[in-house]
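So the structure is just underneath, and the comments pick up after that.
Laboratory data are not the source of any read-out in this text; all were calculated from the coordinates shown. These figures come from a predicted structure and were not determined experimentally. Note: ideal-geometry Cβ built from the backbone for every residue, glycine included; neighbour counts use all protein chains shown.
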Amino acid sequence: ERSRVTEAQQEDRTFKGSLLFYFWYASFFWALLALLYLLGGRHYSALINGVGALLCMLVGQLWRTGKVSDLAATRFGLGGCLLILFAESLVSGQGDSQSIWYLVVIALASGYLLGVREIAFWAGATCFFQILARLLQPHLQGWSEFESQGWELTGGQVLLTLLCAGFAYMSSKLADARLSQVLQREQYILEQSSLLEQARDRAVAAPQAK
């Protein structure tokens, strides 16, 4: 029983550490983009990304102070980032926007933070907003503040690759940690079984010795 409690505590610490990293990383990412867009004169994009940074910091602070649960904070964070990316796409090319590509990270993050049961929902939401951006493109072309080209486009592709690789790495580490917990549990069960067998043998041998 003590072993199961310890394993649950370890898994909870692993999840909380992952969630804390997610909030800090997302806040830094949005703030950095907001600054770069502001310096480049892309004021609408800077505003949208600034809102994203504040949103992630707010949800992260509410979670750290215990005002929202782990599940609610994760869902709010993923949903907020999804909407920010979609809003960013509306002022940067709609269906052709580089921001639309990054929606795939939402689906990856949902699988890492929430497990396989929620992947279908978040993948569906991602696909919905990707299609919606394309459908709105003929009506919102005049809204585009910029469209990524040249090295900016290549940089976005490289960053997306690194983000996907990062989630793959973290998922692998989490899987290794859980496998280690399973192996430790099996070892504990084998040890307890061996002790029980020894105790049974001693109990059987005691009357015969008399």
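Assuming a ≥ b ≥ c are the square roots of the Cα gyration tensor eigenvalues, decide whether the range 89-155 counts as rounded (a/c under 1.5), prolate (otherwise, with a/b larger than b/c) or oblate. Since a/c reaches 1.5 but b/c is at least a/b, the shape of the range 89-155 is classed as oblate. In this structure, HIS43 and ALA72 have a Cβ-Cβ separation that, at R0 = 30 Å, corresponds to a calculated FRET efficiency of about 0.40.
The packing ranking of peptides 34-45, 106-117, highest mean first, is 106-117, 34-45, where packing means the average number of other beta carbon atoms within 10 angstrom of each residue. The slack in the chain from LEU135 to TYR25, taken as 0.36 nm per residue of separation less the alpha-carbon distance, amounts to 36.5 nm. For the pair GLU191 and VAL158, the difference between a 0.36 nm per residue extended length and the Cα-Cα distance amounts to 7.0 nm.
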